[in-house]
1. Checking Met1 against (1) over 28 Å from Lys129 (Cα atoms); (2) open to solvent by 50 Å² or more (accessible area, probe 1.4 Å); (3) out of contact with any Leu (no Cβ under 9 Å at 6 or more places or on another chain): exactly one of these is not met. Which one?
2. So, in segment 16-39, exactly how many residues are open to solvent by 30 Å² or more (accessible area, probe 1.4 Å), under 18 Å from Ala80 (Cβ atoms) and either in contact with a strand residue (DSSP E or B) (Cβ under 9 Å, 6 or more places away or on another chain) or not in a helix (DSSP H, G or I) (or both)?
3. Among (1) buried (at least 19 other Cβ atoms within 10 Å of the Cβ); (2) over 21 Å from Phe68 (Cβ atoms), which single condition is Thr191 missing?
4. Being without any contact (Cβ under 8 Å) to a residue 24 or more places away in the chain and surrounded by fewer than 15 Cβ atoms within 10 Å (Cβ to Cβ): is that true of Ala59 here?
5. Check every one of the helices (runs of 4 or more DSSP H) wholly within segment 40-101 and list those with 2 or more residues that are closer than 17 Å to Val25 by Cα.
6. How many residues does segment 14-51 hold that are within 21 Å of the chain's Cα centre (by Cα), without any contact (Cβ under 8 Å) to a residue 24 or more places away in the chain and over 23 Å from Val77 (Cβ atoms)?
7. Does Pro105 meet the test of being outside any helix (DSSP H, G or I) and either loosely packed, with under 14 Cβ neighbours inside 10 Å or free of Cβ contacts under 8 Å to residues at least 60 places away in the same chain (or both)?
8. Cβ-Cβ distance below 7 Å, separation of 6 or more or different chains: which pairs start in segment 109-130 with a residue that is closer than 16 Å to Val142 by Cβ and open to solvent by less than 20 Å² (accessible area, probe 1.4 Å) and end on one that is of a type in the set (Asp, Glu) and not in a helix (DSSP H, G or I)?
Amino acid sequence: MAELAGLEDPKARAVNERHGDDHGVNLGKLRALAKRLKTQQDLACRLWETGDTAARLLALLICRPKAFERDDLDGMVREARPPKVHDWLVNYVVKKSPHAEELRPAWSADPDPVVASAGWALTTARVAKKPEGLDLAGLLDVIEAEMKDAPDRLQWAMNHCLAQIGIEHAEHRARAIGIGERLEVLKDYPTPPGCTSPFAPTWISEMVRRQHAE
């Protein structure tokens, strides 16, 4: 904890806090510290228990994802309020867990929109990597009905799923683009030069164009 406190940078904190992340540690330095510590599940659990955002990010880098029980992960996702902690927890830990598929539908239906967004992130990963057994048309029905009025983080996760369906599954592409055009979610999102807009019709078209270019 003392070492993490020593890495605190007020400028980094100011930038991070604009995104809802209450820490001031440069992520490159955090990753270097994790590389030095290597995998240490017990230490990771103790770091998580501090409740400190930088400590929790470090915990997620040095933990053993498959060591967590289902209820551990469920509790952690409910505590992980800063966006970066939530994002790393889902992507670095839950996606590698044997409990991911059991948690996915349970979280997607959760009344807490941040927990629900984790369920949608797991669904998006399946759309891309293992779509067998998923009801893609049914997912599009839910997105069409609920995405427009969803809270920000849930809306972002549903939009990512919409784009992924359109990118990966040609038979659903026209409908996915149509939903995006009608709902206009993230249509005016400020996108830096050289980056792809998160507006689903633009995102889908650009990624499909790249696939064909290869």
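1. (3)
2. Of all residues in segment 16-39, those open to solvent by 30 Å² or more (accessible area, probe 1.4 Å) come to 16-20, 22, 26-29, 31-32, 35-39.
After this cut, where a residue has to be under 18 Å from Ala80 (Cβ atoms) as well, the list is 16-17, 19-20, 22, 27.
Checking which are either in contact with a strand residue (DSSP E or B) (Cβ under 9 Å, 6 or more places away or on another chain) or not in a helix (DSSP H, G or I) (or both) leaves us with 16, 19-20, 22.
Count: 4.
3. (1)
4. Values: without any contact (Cβ under 8 Å) to a residue 24 or more places away in the chain: yes; surrounded by fewer than 15 Cβ atoms within 10 Å (Cβ to Cβ): no.
No, not satisfied.
5. On the way: elements: 41-49, 53-62, 70-79, 83-88.
The helices (runs of 4 or more DSSP H) meeting that bar are 41-49, 53-62, 83-88.
6. 4
7. Values: outside any helix (DSSP H, G or I): no; either loosely packed, with under 14 Cβ neighbours inside 10 Å or free of Cβ contacts under 8 Å to residues at least 60 places away in the same chain (or both): yes.
When the stated conditions are applied, Pro105 does not pass them.
8. Ala116/Asp110; Gly119/Asp110
The values are calculated or read from the model by the stated rules, or taken from the named source; none is laboratory data. Bear in mind the structure is a predicted one, so any value in this text is a computation, not a measurement. Don't worry about glycine lacking a Cβ; one is built from the backbone with ideal geometry, like all the others, and counts go over all protein chains shown. Heavy atoms of the whole protein, side chains included, go into the accessibility calculation; ligands, DNA and RNA do not. Shrake-Rupley method; radii C 1.70, N 1.55, O 1.52, S 1.80 Å.
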